[in-house]
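Have a look at the structure below, then the notes.
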Amino acid sequence: QVQLVESGGGLVQPGGSLKLSCAASGSRFSVYYMRWYRQVPGKQRELVAAITSSSSTNYADSVKGRFTISRDNAKNTVYLQMNSLKPEDTAVYYCNAILSSLGYWGQGTQVTVSS
């Protein structure tokens with residue numbers, strides 16, 4: 001069982017920045033495949049960014065060049081640095097971990113981009 005706790009969401013103006021954190025339980029964090037998703041009401045959950053155990057990354061086209069995913073294995077934490085935020089980035093952001101083909105989710109953190 002892997003527990004995930006997101007933090008760092010909030011209200012930010014367009015063009016601003018936020019950094020989300022996701023703290024994971026377990027002693028095998030370094031091998032977890034970690035992803036950030038987001039979801040707005042009435043829409044499917046969307047993959048935003050992913051990072052492998054070797055720190056290879058990939059991003060949705062909509063966030064490339066603005067968002068950066070990273071991980072700190074010593075702290076069992078994955079981050080999502082979000083810059084140049086747009087109103088369309090408003091969503092609940094979820095952390096996801098994959099371990100031994102099983103998926104785990106955090107409770108989500110709200111990000112609102114509005115003036």
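The values are calculated or read from the model by the stated rules, or taken from the named source; none is laboratory data. All values reported here derive from a predicted model rather than from experimental measurement. Glycine gets a Cβ as well: all are built from the backbone with ideal geometry, and neighbour counts include every protein chain shown. Side chains are part of the model used for accessible areas, which takes the heavy atoms of the whole protein and leaves out ligands, DNA and RNA. Shrake-Rupley method; radii C 1.70, N 1.55, O 1.52, S 1.80 Å.
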Q: Give the long-range amide H neighbours of residue 85: residues separated by 5 or more places, or on another chain, with amide H under 5 Å away, using H modelled in the peptide plane at 1.01 Å from N.
A: 15, 16
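Could you compute Rg(Cα) / (2.2 N^0.38 Å) for segment 76-115, with N its residue count? Please list the in-between numbers first.
Numbers: Rg = 12.8 Å, N = 40, 2.2 N^0.38 = 8.9 Å.
Compactness ratio reported: 1.43.
Over 17 Å apart: what share of the alpha carbon pairs of the chain falls there, rounded to a whole percent?
On the way: 3264 of 6555 pairs.
Value for the chain (Cα pairs over 17 Å): 50 percent.
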**Q.** residue 110 paired with residue 98, simple spin-label distance in nm, labels 7 Å along Cα-to-beta-carbon
**A.** 3.1 nm
(Q) Are there any trypsin sites (Lys or Arg not before Pro) in segment 53-94 that are in a DSSP loop and have at most 14 other Cβ atoms within 10 Å? List them by number. (A) 64
Q. Which whole-Hz ³J(HN,Hα) couplings does segment 83-94 yield from phi under the Karplus relation 6.51 cos²θ - 1.76 cosθ + 1.60, θ = phi - 60°, glycine and proline marked x?
A. 10, 6, 5, 10, x, 6, 7, 4, 4, 8, 9, 10
Q) Per residue, how much accessible area does segment 14-107 show when a 1.4 Å probe rolls over the protein heavy atoms, in square angstrom? A) 50 Å²
Q: Only Lys, Arg, Asp and Glu count, each charged at its Cβ (+1, +1, -1, -1), so figure out the dipole size of segment 1-90 about its Cα centre, rounded to 20 debye.
A: 100 debye
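Ignoring ligands, DNA and RNA, what percent of the accessible area of segment 16-115 is carbon or sulfur (1.4 Å)? Kindly include the intermediate steps, with their values, before the conclusion.
On the way: 2360 of 4980 Å².
Here it works out to 47 percent.
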Q) Mind listing the phi-derived Karplus ³J(HN,Hα) values for segment 100-114, rounded to whole Hz, using 6.51, -1.76 and 1.60 with θ = phi - 60°, and x for any glycine or proline? A) 6, 6, 9, x, 10, 10, x, 8, x, 9, 7, 10, 10, 10, 7
